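S.K.: Dumping the structure here so I can ask a few things about it.
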Protein chains: 2
Amino acid sequence: MGERIGFIGLGIMGRPMAMHLVEAGYEVTVWNRTQAKAAPLVDAGARRAASPKDAAARSEITITMVADTPDVRQVILGPDGVIEGVRSGSIVVDMSTIAPVATREIAAALADRGAAMLDAPVSGGEKGAIDGTLSIMVGGDAKTFERVLPVFQKLGKNIVHLGGHGAGQVTKACNQLVLSLTILGVAEAFALASRAGVDPAKVRSALLGGFAQSRVLELHGQRMLDRNFEPGFRTRLYHKDMGIVTEAGRALGVPLLGAGLAAQLYQVAMSHGFGELDYSVLARVVSEMGPAAR
Amino acid sequence: MGERIGFIGLGIMGRPMAMHLVEAGYEVTVWNRTQAKAAPLVDAGARRAASPKDAAARSEITITMVADTPDVRQVILGPDGVIEGVRSGSIVVDMSTIAPVATREIAAALADRGAAMLDAPVSGGEKGAIDGTLSIMVGGDAKTFERVLPVFQKLGKNIVHLGGHGAGQVTKACNQLVLSLTILGVAEAFALASRAGVDPAKVRSALLGGFAQSRVLELHGQRMLDRNFEPGFRTRLYHKDMGIVTEAGRALGVPLLGAGLAAQLYQVAMSHGFGELDYSVLARVVSEMGPAAR
């Protein structure tokens, strides 16, 4: 494998992703704020970097997979950040979910150093990261995309190039937006059915056969029926993503009445202390607003 | 075929449905407020009734398929209505989409005359009625359901018995509720993507591969991209259904924040004069609230 890879951010998602690259035979240099998390990667053959700058200096492709917009700014543009180590002709790939506007700024800063950037947020959660079946939504120029594609193919299945800088983040925001309102619809339908004395499990089955079908009704709907809110995808992170959605709407001047409501209901979920539960817990928020919890 | 069938309401949906029953060899007696609409059925072998009362008097199973709750009350409980002609041991099947509470009242009134009732609203629209592929959501007692099932099987494919009186209408309301928020999610996502300079067609393709997948994204999403708002299912009727959803929430004391918002946005669609367009026209309402229509 010709390209050396830097991997920054070894959390729930980043760790299994970096491991796939090590296992695929890439020379991988890893960095994580909490250093102990790098140990399993180092045991598997990865090198340990002293800083994001160091990781970038040793790599042709540097991947970042951290929690939020400020974290990405910090590891790329901050002191000892990627931008200080990155060489002309190399590529930075941010796979975190962050604000589209911020992505474009970071890409511009990196371009000044002669480095290309892709935004490549993912969906599919921890399970997708472990199984190597993530969906990857990519923005940036086509040539850069082609060069990184073999790396993406070690991490995911549904890999789509959507346009220039930020197009990946915009698409991810659209994904979270659609999810939020579909989940809200299913949660409210189940609350209505329960209160009317109709079994929501039967409602789910009946609706799956028609136009109201969705993967949310199928998967998250079943979780709601089982009252199984073990993550899955944590409400805390989803709440963060809904902040990105509504902020993107603000930044672009697009009114998003539905997304705004869903974001507020996730705020209620956070207030109830549901941050570490699966984001389908919105069903509990909805049903507990009503007359009697099921 | 032993059971004689009365069919009341020969609109866009009722006409092809009644025709399937005539073609299946049932003895069908039809009635419609605008009498001319009965002509094609009569040509095909149906009898013409003088009133809903008359249709019911000549039938073991009387089906109503009209526009709204007041229409159902009128043809069943009003002067010369079904209730005046219905015989003990016969069955009234209301396939209209109406308020669940009203259904239960009508069922009780019919029970006093010794007649059973099923609520059996459908989804699948005009195309489903013509093709005989409607989804049929049925409430009422199981024995009555079994007796009518062969008739339903001439009209639809996905036929589900969901519980006692009103369970069919509750399920239909859930169906419309889930649809409304899924449509709103897709509409807002496309508006956000367009404004951000990302091709919504690419967003649709990318999202169809993941958790945001839905039949709405697939079918109505494509309509939105094509700006093809020929019905399909008319906004005017969908707006009526959203009134049933929010009224059911009120009657049962269930807060439905998402459905309430969607219902108001369909009110905006009506104000814009979109009543005769397909209900996916919500995408126009959403995008025209924003900076510049695509």
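S.K.: Run through the DSSP bridge list for chain B and note the antiparallel percent, rounded to the nearest 5.
M.R.: Counting DSSP beta bridges with both partners in chain B, the antiparallel share is about 15 percent.
S.K.: Here's something else I'd like to know. Calculate how many DSSP beta bridges within region B:87-176 are antiparallel, expressed in % of all such bridges and rounded to the nearest 5.
M.R.: Values: 3 of 13 bridges.
Counting only bridges with both partners in region B:87-176, antiparallel ones make up about 25 percent.
S.K.: So, in nm, how far is label B:LYS127 from label A:THR133 when the simple model puts each one 7 Å beyond its Cα toward the Cβ?
M.R.: The modelled label-to-label distance comes out at 2.9 nm.
S.K.: Please give the average number of partner chain Cβ atoms lying within 10 Å of the Cβ of each residue in A:215-227, rounded to a whole number. Please list the in-between numbers first.
M.R.: On the way: counts 7, 7, 4, 3, 1, 1, 1, 0, 0, 0, 0, 0, 0.
Whole-number average of other-chain Cβ neighbours for A:215-227 is 2.
S.K.: Continuing with the same structure: Give the share of C-alpha pairs in each 10 angstrom bin for the protein assembly as shown, from 0 to the last occupied bin, in whole percents, shortest bins first.
M.R.: In whole percents, the pair-distance histogram is 4, 17, 24, 20, 15, 10, 6, 4, 1.
S.K.: At what distance in nm do the modelled label points of A:ALA251 and A:ASP226 sit from each other, each positioned 7 Å from its Cα along Cα→Cβ?
M.R.: Result: 3.7 nm between the two label points.
S.K.: A further question on this structure: Could you calculate the contour length gain from A:GLU218 to A:GLU23, that is, 0.36 nm times the residue separation minus the distance between their Cα atoms, to one decimal place in nm?
M.R.: Working: separation 195, 0.36 × 195 = 70.20 nm, distance 3.36 nm.
That works out to 66.8 nm of additional length.
S.K.: Further question: In the P(r) worked out for region A:5-164, what percent of Cα pairs fall beyond 20 Å?
M.R.: Values: 5281 of 12720 pairs.
So the portion of pairs separated by more than 20 Å is 42 percent.
S.K.: Still on this structure: Return the Rg/Rh ratio of region A:156-196 with Cα-based radii and a Kirkwood Rh. Walk me through the numbers on the way to the answer.
M.R.: Numbers: Rg = 15.7 Å, Rh = 12.4 Å.
With Rg and the Kirkwood Rh in hand, the quotient comes to 1.27.
S.K.: Same structure again: Mind ordering B:254-260, A:5-11 by average Cβ neighbours within 10 Å, highest first?
M.R.: On the way: B:254-260: 21.9, A:5-11: 27.4.
Ranked by mean Cβ neighbours within 10 Å, highest first: A:5-11, B:254-260.
S.K.: Give the residue list of trypsin sites (Lys or Arg not before Pro) in region A:56-98 that are DSSP loop and have at most 15 other beta-carbon atoms within 10 angstrom.
M.R.: Values: sites: A:ARG58, A:ARG73, A:ARG87; in loops: A:ARG58, A:ARG87.
Counting only loop positions with at most 15 other Cβ atoms within 10 Å, the trypsin sites (Lys or Arg not before Pro) in region A:56-98 are A:ARG87.
S.K.: Which whole number gives the average, over all residues in B:198-205, of C-beta atoms from other chains lying within 10 Å of the residue C-beta? Before the final figure, lay out each step's value.
M.R.: Numbers: counts 14, 4, 2, 0, 7, 12, 3, 4.
Average per residue, whole number: 6.
S.K.: How much net charge surrounds A:THR103 when only other residues with a Cβ under 9 Å from its Cβ are counted (Lys, Arg +1; Asp, Glu -1)?
M.R.: Values: positive: A:ARG104; negative: A:ASP94, A:GLU105, A:ASP119.
Net charge around A:THR103: -2.
S.K.: Order B:179-186, A:147-154 from most to least packed using the mean count of other Cβ atoms within 10 Å.
M.R.: Ranking the peptides B:179-186, A:147-154 by packing returns B:179-186, A:147-154.
S.K.: Debye sum, Cα scatterers, region B:1-95, no solvent: what log₁₀ I/I(0) at q = 0.10, 0.12, 0.24, 0.25 1/Å?
M.R.: Listed by q, the Debye log ratios stand at -0.20, -0.29, -1.25, -1.36.
S.K.: What shape does chain A have by the C-alpha gyration tensor, where a ≥ b ≥ c are the square roots of the eigenvalues, rounded means a/c under 1.5, and otherwise prolate means a/b greater than b/c and oblate the rest? Don't skip to the end; give the middle numbers.
M.R.: Numbers: a/c = 2.22, a/b = 1.92, b/c = 1.15.
Prolate is the answer for chain A, as a/c is 1.5 or above and a/b outweighs b/c.
S.K.: Could you pull out every one of the lysines with an alpha carbon less than 25 Å from that of B:LYS37, ignoring same-chain neighbours closer than 8 positions?
M.R.: Reachable lysines: B:LYS53, B:LYS127, B:LYS154, B:LYS240.
S.K.: When you look at the Cβ of every residue in B:273-284, what mean number of other chain Cβ atoms sits within 10 Å?
M.R.: Values: counts 0, 0, 0, 0, 0, 0, 0, 0, 0, 1, 0, 0.
Partner-chain Cβ atoms within 10 Å, mean over residues of B:273-284: 0.
S.K.: When Lys and Arg each count +1 and Asp and Glu each count -1, what net charge do the other residues less than 10 Å away from B:LEU41, Cβ to Cβ, add up to?
M.R.: Working: positive: B:ARG15, B:LYS37, B:ARG47, B:ARG48; negative: B:ASP43.
Net charge around B:LEU41: +3.
S.K.: Sorted by packing (mean other beta-carbon atoms within 10 Å per residue), highest first, where do B:35-44, A:93-102 land?
M.R.: Going by the mean number of other Cβ atoms within 10 Å, highest first, we get A:93-102, B:35-44.
S.K.: Averaged across orientations, what area in nm² does the convex hull of the alpha carbons in region A:235-294 project?
M.R.: Values: hull surface 16.6 nm².
Result: a mean projected hull area of 4.2 nm².
S.K.: If each label sits 7 angstrom from Cα along the C-beta direction, how far apart, in nm, is A:LYS37 from its counterparts in the other copies?
M.R.: Values, ascending and in nm: 6.3.
S.K.: Residues with beta-carbon under 15 Å from that of A:MET137, excluding A:MET137: net charge, scoring Lys, Arg +1 and Asp, Glu -1?
M.R.: Details: positive: A:LYS157, A:LYS172, B:LYS202, B:ARG204; negative: A:ASP94, A:ASP119, A:ASP241, B:ASP199.
Cβ neighbours under 15 Å give a net charge of 0.
S.K.: Give me the log10 of I(q) over I(0) for region A:170-289 at q = 0.10, 0.19, 0.23 Å⁻¹, as the Debye formula computes it from C-alpha points; what are the numbers?
M.R.: The Cα Debye sum returns log10 ratios of -0.29, -0.99, -1.33.
S.K.: Could I ask something else about it? Grab the residue from chain A whose Cβ hugs the A-to-B rotation axis most tightly, plus its distance in whole angstrom.
M.R.: Closest to the rotation axis on chain A: A:SER214, 2.
S.K.: With r as the distance between the Cβ atoms of A:ARG33 and B:ARG48 and R0 = 51 Å, compute the FRET efficiency 1/(1 + (r/R0)^6) and round to 0.05.
M.R.: Working: r = 80 Å, r/R0 = 1.58.
For B:ARG48 and A:ARG33, the calculated efficiency is 0.05.
None of the figures in this text is laboratory data; all of them are computed from the coordinates on show. Worth saying up front: this structure is predicted, and the values here are computed from it rather than measured. Counting neighbours? That spans all protein chains shown, and the Cβs are built from the backbone with ideal geometry, glycine included.
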